[in-house]
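Here is the structure we will look at, set down as structure tokens.
The values are calculated or read from the model by the stated rules, or taken from the named source; none is laboratory data. None of these values were measured; they are calculated from a predicted model. FYI the Cβ positions are ideal-geometry reconstructions off the backbone, even for glycines, and counts take in every protein chain you see.
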């Protein structure tokens, strides 16, 4: 061979996903050889044998025995074509042979053989100038020129022309990626050579697998695969393309795909299942399952295929424009559009079913996404079919975020137009754009509000669950209630506004100056005291929660909350929340206050203290409240009192009242979103 075969094979790429390409190359060679012999296509014959490594047992104990097949070690392809005449053998020995240039041949197919197989055994009986010959040789990487044991012998009589090519020693790297059963391999051959079947250029082809004891007529495979065929011509710029649509019976692991062809052969295929909106995994037609297969042809593709026939040489996306050249993304965009049109009758039903699911979810569970349904229903196309509610919410959230970002950009663009155009036409156009933007922005604001309201409904539901008796037969500890209101052992400087639920108690509590949650008084940044007492929630206010006439720094009020275990009924003189909160007040008053920058100042005697005990009104707690002269509230849902010596108001709030009042304050919002109980 007039080339260094070892170096050439090393520099010839072959992706593992193209593990059957060497077999395809051998089959195409047989088709060409039959044509060159001048045989009518109906007289041509190709026999393909799957060769397997003999085995005694299944090494994969987790795979059912009936599914196990011995590994494929090679393929043998036999045809009755022209054979390895002297001119063919010379072309075989010439790197980058031009012999098949008119058919789109690159002269490198045999190098791909040795990329996936250790050697190729060739035996050919042919006639030349009225004389019959037998030629045999081995093609491998054992020699620089790749040829071993070449023999050419004269044969007597008129033997039948026959050539066999045995691809031997399937390398593990590629064998592992190859289909294992004969049916799937047959389907792959038909897919790759589909244009030959379509154009009536395919000879008789039989696929044999001795282990499976099957003999498959690939013409029957082709006929059984095809349900519908439709051809569509389209252009990308000035370049002409032809796209053939097929519906194939869903056999084996076939998936929706588009194949791009050069010189009537498949070069690359891409899965379109994720690119065509609302396309089910298979199409159900008359109780049978089908998949879509598209094939794209063009002179442009013929001229842009690479030497290995594994891809095309297109302009890269984002690169400079070159006259007469286009990008693959431009072709694919038109191809997918055509697929959409062809499959529209099949995808519409799936789209309707998915939209019903989305509408129900948004209406009943996630009303914050209603603006998507109203303004951008087309964006639902990216949502897969048969999706879970959790995955759906993730998609809707991302769509909403994308819309929000786009609206911010549009707002900036509108604001950059400092003056509204004065001419009537331009002004109307500007105002129309502004009205559209305002409508969407307003809807997005409603969506965010809806999300916030929905959050409140969920939190109230969680609080009710925490207050109910648990599966263990016990009630939750007070820490569980506390965590819902505000994180434990944290301050208002540690968390964001969205990380607490003080609104359950009172909306005004969110506007505090400082809050310490479950932190000892001595560790409080705004107190100078050695007390180890630890209120559940301790609020400092420096606004008009109370009227004060002092100059800053001052404290307009201090609020204390203490939570108790639901249904606790063992309060006594020793275990009593009322003196507990009064002790907090005494310890705080005994010390000093500090500004946030550490400057101390006295806590004025007039500083009001508001102490709240949140608990169920059990009998023992009622007794303690009455003992401390607390009065029952008019609705009998709590107790209230005042300690004049400490200047402290105290109120006992029942859990039922806490939740009931929170629901009442938010009822109109829940009703608007249709998420009330």
Taking the condition of being modelled with pLDDT of 90 or more and surrounded by fewer than 20 Cβ atoms within 10 Å (Cβ to Cβ), how many residues in segment 532-564 meet it? 3
Could you pull out the residue among 346, 430 that is surrounded by 13 or more Cβ atoms within 10 Å (Cβ to Cβ), at pLDDT below 60 and in a helix (DSSP H, G or I)? 430
In contact with a helix residue (DSSP H, G or I) (Cβ under 6 Å, 6 or more places away or on another chain) and at pLDDT 90 or above - does that describe any residue in segment 664-673? no
Examine segment 357-378 for a residue that is at pLDDT 85 or above, outside the structural domain of residue 295 (by TED's automatic domain parsing) and under 30 Å from residue 296 (Cα atoms), and state whether such a residue exists. yes
Subset of segment 639-658 (residues that are closer than 16 Å to residue 481 by Cβ and surrounded by 16 or more Cβ atoms within 10 Å (Cβ to Cβ)): 652, 653, 654, 655, 657, 658
Those residues of segment 553-581 which are out of contact with any strand residue (DSSP E or B) (no Cβ under 6 Å at 6 or more places or on another chain), part of a helix (DSSP H, G or I) and within 19 Å of residue 532 (Cβ to Cβ) amount to 579, 580
Would you mind stating whether residue 301 is under 29 Å from residue 379 (Cα atoms) and either at pLDDT 90 or above or assigned by TED's automatic domain parsing to the domain that holds residue 343 (or both)? no
Looking for something buried (at least 20 other Cβ atoms within 10 Å of the Cβ), at pLDDT 90 or above and out of contact with any strand residue (DSSP E or B) (no Cβ under 6 Å at 6 or more places or on another chain) - is there at least one such residue anywhere in segment 607-616? yes
Filter pass, residue 352 being out of contact with any helix residue (DSSP H, G or I) (no Cβ under 9 Å at 6 or more places or on another chain) and either more than 21 Å from residue 279 (Cβ to Cβ) or assigned to a loop (DSSP other than H, G, I, E, B) (or both): no
Going by the conditions given, is residue 230 closer than 21 Å to residue 311 by Cβ and surrounded by fewer than 22 Cβ atoms within 10 Å (Cβ to Cβ)? no
Of all residues in segment 355-383 being free of Cβ contacts under 8 Å to residues at least 60 places away in the same chain and part of a loop (DSSP other than H, G, I, E, B), the one that is farthest from residue 280 (Cα to Cα): 365
Within segment 148-170, is even one residue more than 25 Å from residue 33 (Cα to Cα), in contact (Cβ under 8 Å) with a residue 60 or more places away in the chain and either surrounded by fewer than 16 Cβ atoms within 10 Å (Cβ to Cβ) or outside the structural domain of residue 47 (by TED's automatic domain parsing) (or both)? no
Kindly list the number of the only condition in (1) under 28 Å from residue 44 (Cβ atoms); (2) buried (at least 20 other Cβ atoms within 10 Å of the Cβ) that fails for residue 249. (2)
Report, by residue number, each residue of segment 197-211 that is in contact with a strand residue (DSSP E or B) (Cβ under 8 Å, 6 or more places away or on another chain) and either part of a loop (DSSP other than H, G, I, E, B) or modelled with pLDDT of 85 or more (or both). 203, 204, 205, 206, 207, 208, 209, 210, 211
Can you work out which of the residues in segment 607-639 that are closer than 16 Å to residue 563 by Cα and either in a strand (DSSP E or B) or outside the structural domain of residue 583 (by TED's automatic domain parsing) (or both) is nearest to the chain's Cα centre (by Cα)? 614
Evaluate the following for residue 228: is it at pLDDT below 90 and part of a loop (DSSP other than H, G, I, E, B)? no
